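Enquirer: Okay, handing you the structure first.
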Amino acid sequence: MEPSLSSPDPHPYARLTPDTVLDALDSVGLRGDGRLLQLNSYENRVFQVWLEDGRVVVAKFYRPQRWSDAQILEEHAFAQELAAAEIPVVAPLVLPLPDGSRGTLAHHADFRFAVSPRQGGRAPELELPLTLEWIGRFLGRIHLVGAHRPFAQRPALTPATLGETARDWLVAHQAVAPDVASAWRAVVDAALDAARRAFDEAAGVATLRLHGDCHPGNVLWTEAGPHFVDLDDARNGPAVQDLWMLLSGDRRERQAQLAELLAGYEDFAEFDRRELRLVEPLRTLRQIHHSAWLAQRWDDPAFPAAFPFFGTSAYWSEQVQQMREQLEAMQEPALVA
């Protein structure tokens, strides 16, 4: 089942008041002392909650209709599997549920939620080679575990699931500004054709369970090193998906960063260099998907406030230019480590 990016309820979190959050935690034996802080999250709603026993936890309330219970539980099981392997991933707590059972996914007032321990940290200093190598070692270990078996419920990362469905939704709902729609459709179709060719050429590349959204904001750094948060987008796909978002700068800088990442990664897992041909196609798919994600969430009041530029003719003109740049990037030689 592919996750739905839109919910029948345009305001799914209107009923998620502070009292509802505290009552939800109380229903699983976690009694808050009244203090809570909403954390930065658009897809779900995430709160830091202080408990009467002195602990501080993070409660994530899942967006209705996006994932099935089975898909969420696969995410939780993967996180727990990684934690059991002593990999620094923040895994959900096993809670006493109201029906007398125990589990990681709870239900309250038509919301589904999970609770994890609070793990603080700062942004990683990715300009430091040792930081990249350290992160690379843990990504290698994550992928070593992820290769044990695939997700059964969560979708695979492909041009169809990430790019084509997004394009088709935007076209069907006439979401692109009319004066830009024709140019946007032409360049997106060409970009998707190029991405499909790249995936076809990499048909022999192995896929595995991924973090799926391993950008710098989902890697927190402490004196003990990195830990990884937010496996909400975990899915099956090529290993390079968890590497490319950590690269930035010009080609020379990205190749140097990639070399440091792989120096650590290959201490634990093999990396198929053919996957480097997928870096720019994956970036292209993410950009198309991001536009659809914004359009399909636009009735949620958090989105217009956070992305006021979205939906304008200027926004879509910028997307056309970015897709043209991606077409050129996908024709360049792959990065070399």
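The values are calculated or read from the model by the stated rules, or taken from the named source; none is laboratory data. As the structure is a computational prediction, the values presented were derived from the model and not from experiment. Cβ placement follows ideal geometry from the backbone for every residue including glycine, while neighbour counts extend to all protein chains displayed.
Enquirer: Determine whether Leu39 is more than 17 Å from Arg154 (Cα to Cα) and more than 18 Å from the chain's Cα centre (by Cα).
Expert: In short, no.
Enquirer: Could you list all residues from the range 244-298 that are surrounded by 19 or more Cβ atoms within 10 Å (Cβ to Cβ), polar (S, T, N, Q) and within 18 Å of the chain's Cα centre (by Cα)?
Expert: Thr284, Ser291, Gln296
Enquirer: Residues that are more than 30 Å from Ala85 (Cβ to Cβ), in contact (Cβ under 8 Å) with a residue 12 or more places away in the chain and not aliphatic (A, V, I, L, M): does the range 268-275 have at least one?
Expert: No, every residue in the range 268-275 fails to be more than 30 Å from Ala85 (Cβ to Cβ), in contact (Cβ under 8 Å) with a residue 12 or more places away in the chain and not aliphatic (A, V, I, L, M).
Enquirer: Now a separate question. Exactly one of (1) crowded, with 20+ Cβ neighbours inside 10 Å; (2) modelled with pLDDT under 95 is unmet by Asp110. Its number?
Expert: Only one criterion is unmet by Asp110, namely (1).
Enquirer: Taking Gln331 and the conditions (1) closer than 24 Å to Thr165 by Cβ; (2) surrounded by fewer than 19 Cβ atoms within 10 Å (Cβ to Cβ), which numbered condition does it fall short on, given that it satisfies the others?
Expert: (1)
Enquirer: Restricting the range 157-201 to residues that are free of Cβ contacts under 8 Å to residues at least 12 places away in the same chain and within 26 Å of Asp213 (Cα to Cα), which is surrounded by the fewest Cβ atoms within 10 Å (Cβ to Cβ)?
Expert: Asp200
Enquirer: Out of the helices (runs of 4 or more DSSP H) lying entirely within the range 244-337, which hold 1 or more residues that are among the polar types (S, T, N, Q)?
Expert: Answer list for the range 244-337: 251-265, 279-296, 313-331.
Enquirer: Please verify whether the range 77-97 includes one or more residues that are at pLDDT 95 or above, under 30 Å from Leu170 (Cβ atoms) and not hydroxyl-bearing (Ser, Thr, Tyr).
Expert: No, that holds for no residue.
Enquirer: Within the range 87-141, count every residue that is of a type outside the set (A, V, I, L, M, F, W, C) and in a strand (DSSP E or B).
Expert: Number of matching residues: 9.
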